[in-house]
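Let me begin by presenting the structure, written as structure tokens, before commenting on it.
The values are calculated or read from the model by the stated rules, or taken from the named source; none is laboratory data. Keep in mind the model is a prediction, meaning the values are calculated, not measured. Every residue, glycine among them, receives a Cβ derived from its backbone with ideal geometry; neighbour counts consider all protein chains shown.
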């Protein structure tokens, strides 16, 4: 017995070290081993940014919605709807975006998460690639059987431990996270929050801390600096930028189904086609390989009109007074861009005027902190 | 609690130390520790269902006690049926209630009668099919006077809930496992080391092979309407290795863990994909369930005695019931029926016991005949797995019809093909190691056993690093749902 235990311990020591080091990073940062239930219920504000457990965001948003009464406005979509803030609205608002990656996700999400607490207005972003068969082919299975189900990963998997080692070895972060002073008034959870100062706020919107700092410093290590990464996507035709000439008919059908669902549930839908940086838009246009994008508004707007809803083509930043210096990367505008967008929509007759105060919004825009940030 | 979780990595050493250092002087205390640890292990998943196991334990223990002195045959039968009805009643309710309800309402609507029946949102308790069958074997064996009922309730509780095999087998017989709880266990170094090796190999099968194959099998089966024939064929192969890696991996970890505590569990898998015919496959796949059905269903029905029709009837019954045991879906019944169809010709021509020994025993390579028999059997098995994995019969038939179309000769196409290639390479290496170790209890049982310690440790670390580095996305063990 003694021999067995001694040998097992000796054999296990390297393994323990191998596992304990990444586990300690995950524990200290709250990336794993930390429940968010209490924080959702009681924290006035937080910054939750996971590096390896992105799936938890769906759960976070689901629980936040469950914890709130029926809201006036809910923003929904991918990361390209995340810049809408509660401070832009004068009625109750939550940003539930980053939960949708396909048109076929909308109804499953709403059925699962809203639970008879439908909002008056749904503000959605329809990513252009949602209409491209080569990115999202909307299989029969997805259209018929798709379910939206959030889950929360508390314990790390082998692959998470492995990723921590990988990131430690390439120096993405180091032991400084054990001593790093956190923001006093803010609860920070997750490695992305602690290391990059990036994550979700209480209102569901995103804060791109480190990226914004780098952009302000004109640091060429910023993500997608000078849109080089987006250009490479365009050149390679991958990572959402798959080529396509026609709008996928199934996406229009799916959109029709979704809008019909909203109509029958008395939800008014305001949709945007989200912006690209001007330089990126030019590159897309010159490539000649994305002609489906030019047809989206025309094809989709007919469906929106059928139900009396709004669709706004916000692809071009210039249209509402924004420009490349206000973008986070090639296909994400910043908070200032989205505020300008909102003002434009209200000035042009959007129903959102009933949920905001135009003068306040203009005032906020004038008092913006910098090109990327309006509010605290 | 999952075997491939950090929770279990903490739980196991704690129980091991308590077992061998704190309770080792007192057999009753040791058995109590096993029962308590097992309840903790199960309750970690959902404590509410502990009452089911406890109730089942009390019923079967009481029935056993009553059967001890009961000579009246009628009363003995009543007691036996009490146990059968309680156990199968739970199983029927939790597992099959909605299935029967849906099928009855569909059947009535077919004849023009609409019945409004609400299906219930029932959670299937993990492992219910396993421990139900294990406790049933106890009462049936007592009834058949093959086993003396135990007077030791704690030992019996530990037998029913024994954590290594509680949720996914092997389904132990009372005659084999229960007596091991009566005897003082002594620590056996070789047995423990062997157990550790088996756990390691089980983890490799589960985490590297099954979890990686699962990712692609799920993707392909879930989107089969949009995939070509060659991709679907590949999807069926991925599932074939997923289910083997998953289930036999679980069994290896269960058997290995039991050995650390001085217990021997029955073998559950014996390299089934190297079988030369379907009869051999069923002697090597999920052995504890196959032999359970053989002993408690097939033989009481008359087995292979009697005329041709009796043999055909019994074969279909055992395979269909076995299929239905896996889940409340027509796909499992179809899977069982298909295997019966595969098996019958062998039975009727008395060729069902042709291959009792390991293929190519003592040789490195199989003969051409052996190889072609293995490939044919493997192909039939893969085909049958399509029914097992499909959502419904229509899905399975569409899947098969696409495989049999001209698109079978196109290049497979699905997202993540490059990563899938790594999984394919790992699976090939795995098959090779399994082939080399096919005459052992598990593939790496004697692998490198005579090597010098540093080299042997290097091999173990290589497996651990492979598990760590190539771990697939964590998936629950498939058989937990059965």
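For this structure, a couple of remarks:
- Condition check for residue B:448: touching a helix residue (DSSP H, G or I) at 6+ places or on another chain (Cβ under 9 Å), without any contact (Cβ under 8 Å) to a residue 24 or more places away in the chain and away from every other protein chain (no Cβ under 14 Å): yes
- Set B:52, B:33, B:91: member being at pLDDT 95 or above and either crowded, with 17+ Cβ neighbours inside 10 Å or touching a helix residue (DSSP H, G or I) at 6+ places or on another chain (Cβ under 7 Å) (or both): B:33
- Restricting B:211, B:194 to those that are within 14 Å of chain A (Cβ to nearest Cβ), under 23 Å from residue B:8 (Cα atoms) and surrounded by fewer than 23 Cβ atoms within 10 Å (Cβ to Cβ) reduces the list to B:194.
- Residue match in the range B:403-413 (condition: within 30 Å of residue B:312 (Cβ to Cβ) and at pLDDT 90 or above): yes
- Qualifying residue in the range A:183-191 (condition: out of contact with any strand residue (DSSP E or B) (no Cβ under 6 Å at 6 or more places or on another chain) and either closer than 28 Å to residue B:212 by Cα or in a strand (DSSP E or B) (or both)): yes
- Entry remark, the range A:146-169: residues being touching a helix residue (DSSP H, G or I) at 6+ places or on another chain (Cβ under 7 Å), crowded, with 17+ Cβ neighbours inside 10 Å, at pLDDT 90 or above and away from chain B (no Cβ under 11 Å) number 2 in total.
- Members of the range B:154-187 found to be within 14 Å of chain A (Cβ to nearest Cβ) and in contact with a helix residue (DSSP H, G or I) (Cβ under 8 Å, 6 or more places away or on another chain), listed by number: B:185, B:187
- Any hit, the range A:130-142, residues being away from chain B (no Cβ under 11 Å), in a helix (DSSP H, G or I), under 18 Å from residue A:195 (Cβ atoms) and in contact with a helix residue (DSSP H, G or I) (Cβ under 6 Å, 6 or more places away or on another chain): no
- Helices (runs of 4 or more DSSP H) wholly inside the range A:1-99 containing at least 1 residues that are more than 25 Å from residue A:122 (Cβ to Cβ), in contact (Cβ under 8 Å) with a residue 24 or more places away in the chain and more than 14 Å from chain B (Cβ to nearest Cβ): A:2-29, A:37-42
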